[in-house]
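To keep things clear, I will list the structure first and then write my remarks on it.
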Amino acid sequence: MRAAMMNTQCPLRVTSKIIRIKYLYRPFSTTLPTSSDPPPPPPQRPPPAPLPSNIARNAIRDPKRDAGIAFAKNMMKEIDRTRYATVREYDAHRASLSDAAWDGRARDLERKMPRTLKWKVGDVYAPHDLSAVEARKWSRRKSSERDVFDVLGINPLEEYKNFSMMSEYMTPMGRIKHRRETGLRAVNQRKIAKAIRRAVGMGLLPSVHEHPEVLEVKARERATRLENGLGPRR
Amino acid sequence: MSMRRLSPTANLLRTSRLFSLPPPLPRPSSDLTASANFESDTATLPYPIHAAIETTESSLGRGDWGLKRPLPLKSTKRSSTPTIHIDNVDSIDHITDFSSAADHVLTLRKWQELGTPLSMAEGKSKKASAQQERYPRSVFESQHDNTYQDYSDPSKQRWKYRGPWLAGKTEGEFRRYVEKDVKRRRLDFKRFLRERLAEEKTIARRREATESGEDLDSPDSVAVAVVVSDEEVEVYARSLRNDEHTLHRLVEEYLDLPRDRGSATTRYDKKGPPTTHPSAGLSYLRTGSHTYNHPLLGPQEEPAPIQARVIRPQTTAANAKHDRALIGVGGVVAEDDRQSFTKDSTGVTGYNPDIPGGAKIYIRVPARASVDSRGRIDITTMRPRNKVSENVAKGYYYSERAEPPPAAVEGAQNRETPTLTRPKPGRPREARGYGLEDMGVAKTNGRASPFLGPEDEMPDLNDHLNDLLRHGHRSNPKT
């Protein structure tokens, strides 16, 4: 109550009003309302009747005018009502089923189509591409066929200080990845292995886990994915 | 003439399939990633890399494809589309390695049925002021369809260049190109520079002569042909090092590099020149704007819409959200033009396993499609403006016929006995897409009106009950 009194002297009128209303509508009151309390707000007026639309106004003035438009509008409404009645029925039917089970079934079936996420504009498909045989192939990992270092013209030995690049060629437990995983040609595989060993030897890279900064970036990525509702990466 | 002089064996070889088969194009390269990627080696490629061959029906019966040995009948004769492509004419195991080419052959046939003309890939400008051209420009316009540079008309553009698109090369590829292709042409470039210098000098000499009033055509005038010494070429080459603009122009001309025109008018200016002719041989039509005539309803505002398969809904598993759904139009993946913010059961916003055969939507026959720099087809899709044409396509233009429930609803109700309705064979092709598939059926039942389909027949008790369950009333109370 004191706070309310103080607030009535507050130069900011708006704040005082908000606080007054707040006090007025407190669920329980231990004291009787005093004269300093503001009067209760007047009962709300009923909302004003909606202004007649142009069509309705015209219809009042001249019943013949715009009758066609009104008729068409009514007809469209009726069509919409009948058209979506079946959809509404279906949705109600689905809601009556256990929704979680339906979603689970959909998700399970979707997981069996791993290419769903990989389609790109301009892809051409034949019936075979939507078959189970193809789906199995798309779920399998394949190592890169091109040597990335050759394509980019980078010498991996010169990049030993680049821990993010080195981490790409290490497992999370700190082992150097095999050539069949990295897809490098023999020369570059030797070079990247040497660069990793060099970095570990110099103490730039941990030997039994990923670089802490890489771990941090991964954790942050995971958090944002979860925040955006994308779920964990499969 | 030369053919006759050849021996019969040589002649046979020259006209054989063996020699007429072009070498395959390089496979489209996958995305460059250091981490493992997912792909299938047997998936249909975005463009065909092998020539598809077919044979006459009588030869097909004998397995004769004009190759070294007959191909097995079991794997070639049973197909409804007996077209093959040859991976290896004669392998080390004395086997002709072949596989079906039906995927791209049918895609082409579907495209021709669509009748969509190919247009130049337009640059998508995000500025509101730059209004996109309303009408697509055909790839066969004389402005674009050129293989040589017409210097007299600078507005004419080429699509084919001998040199590579340097901006699209990675560092390693560029270095290899310089090492392998450019370095060995040093001497040739010197020769090219000498020619250029001689030309320049000749022009200068001519101008000088004209200004001093000499008669160049008279026999006693000083010879116009100028001699360029090696030292002069050396000095010229050195001077070019300080004149980047001229050097760039000369190198561009010498290596025939794709021209950098500054203002990007087509997407090819930003993403590199097309790898094929911009039509890619898909369609030779210049325009697709003609009125469609319905056999019963007369000329239509737009052609009968076509069905497109929903390839990737807007929301996929694990709640991954995409801007738009991807739809398959005649076997080519394209982006849907609509974006919805609410979930529904059509299968476009999210995967709906209740729809038998997968979700499909109606779209207008695409009016604009282009082939991008990597040879992939880019279709601009559009949903029908209203339901009228869609209903016309389904055959529901008769007012007393109830509109069918959405596919998902039907699918959910028929889940116990899923049926796959296919267009019945033997109907005229023209009838397809106009909702006239059921015409013949109605006629055989002694009904005169082509508006009445099999749905209008007297339903038996089960159908009646189903109708009541589905709609709460009988679909056609008239019958």
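Some points to look at:
- Among residues of the range B:356-382 being in a loop (DSSP other than H, G, I, E, B) and among the small types (G, A, S), the one that is nearest to B:L108 (Cα to Cα) is B:G375.
- Residue check, B:S345 within 10 Å of chain A (Cβ to nearest Cβ), among the polar types (S, T, N, Q) and either assigned to a loop (DSSP other than H, G, I, E, B) or out of contact with any Ser or Thr (no Cβ under 9 Å at 6 or more places or on another chain) (or both): yes
- Count - residues of the range B:1-28 that are modelled with pLDDT of 80 or more and either assigned to a loop (DSSP other than H, G, I, E, B) or basic (K, R) (or both): 10
- Check on B:D90, within 14 Å of chain A (Cβ to nearest Cβ) and either closer than 30 Å to A:M170 by Cβ or not basic (K, R) (or both): no
- Conditions (1) part of a loop (DSSP other than H, G, I, E, B); (2) within 30 Å of A:R146 (Cα to Cα): number failed by B:T81: (2)
- Of the residues making up the range B:171-183, just one is free of Cβ contacts under 8 Å to residues at least 12 places away in the same chain and β-branched (V, I, T), namely B:V178.
- Some residue of the range B:54-64 being in contact with a Leu (Cβ under 7 Å, 6 or more places away or on another chain) and at pLDDT 90 or above: yes
Results for (1) touching a Phe, Trp or Tyr at 6+ places or on another chain (Cβ under 7 Å); (2) assigned to a loop (DSSP other than H, G, I, E, B); (3) under 23 Å from B:Y148 (Cβ atoms); (4) modelled with pLDDT of 90 or more, shown as yes or no for each residue.
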position	(1), (2), (3), (4)
B:R176	no, no, no, yes
B:R185	no, no, yes, yes
B:L197	yes, no, no, yes
B:L216	no, yes, no, no
B:D220	no, yes, no, no
B:A223	no, yes, no, no
B:V227	no, yes, no, no
B:P258	yes, yes, yes, no
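- Criterion (more than 10 Å from every other protein chain (Cβ to nearest Cβ) and closer than 29 Å to A:L130 by Cβ) met by exactly one of B:S79, B:S40, B:S59: B:S79
- Test: residue in the range B:326-339 that is more than 8 Å from chain A (Cβ to nearest Cβ), aliphatic (A, V, I, L, M) and either crowded, with 21+ Cβ neighbours inside 10 Å or touching an Asp or Glu at 6+ places or on another chain (Cβ under 7 Å) (or both): yes
- Evaluating B:S345 against the criteria (1) more than 27 Å from B:Y135 (Cα to Cα); (2) small (G, A, S); (3) free of Cβ contacts under 8 Å to residues at least 12 places away in the same chain leaves one unmet condition, (3).
- Wholly within the range A:109-177, helices (runs of 4 or more DSSP H) carrying at least 1 residues that are farther than 19 Å from A:M202 by Cα and within 8 Å of chain B (Cβ to nearest Cβ): A:132-138, A:148-152
- B:P353 being at the interface with another protein chain (Cβ under 8 Å from one of its Cβ atoms) and in a loop (DSSP other than H, G, I, E, B): yes
- The residue that is farthest from the other protein chains (Cβ to nearest Cβ), among those in the range B:314-325 that are surrounded by fewer than 21 Cβ atoms within 10 Å (Cβ to Cβ) and in a loop (DSSP other than H, G, I, E, B), is B:D323.
- Number of positions in the range B:110-132 that are assigned to a loop (DSSP other than H, G, I, E, B) and at pLDDT 55 or above: 7
- Filtering the range B:82-93 to residues that are surrounded by 14 or more Cβ atoms within 10 Å (Cβ to Cβ) and at pLDDT 90 or above leaves B:P82, B:T83, B:I84, B:H85, B:I86.
The values are calculated or read from the model by the stated rules, or taken from the named source; none is laboratory data. On a predicted model such as this, the values are computed, not experimentally measured, just so you know. Cβ atoms come from the backbone with ideal geometry, glycine included; neighbour counts cover every protein chain shown.
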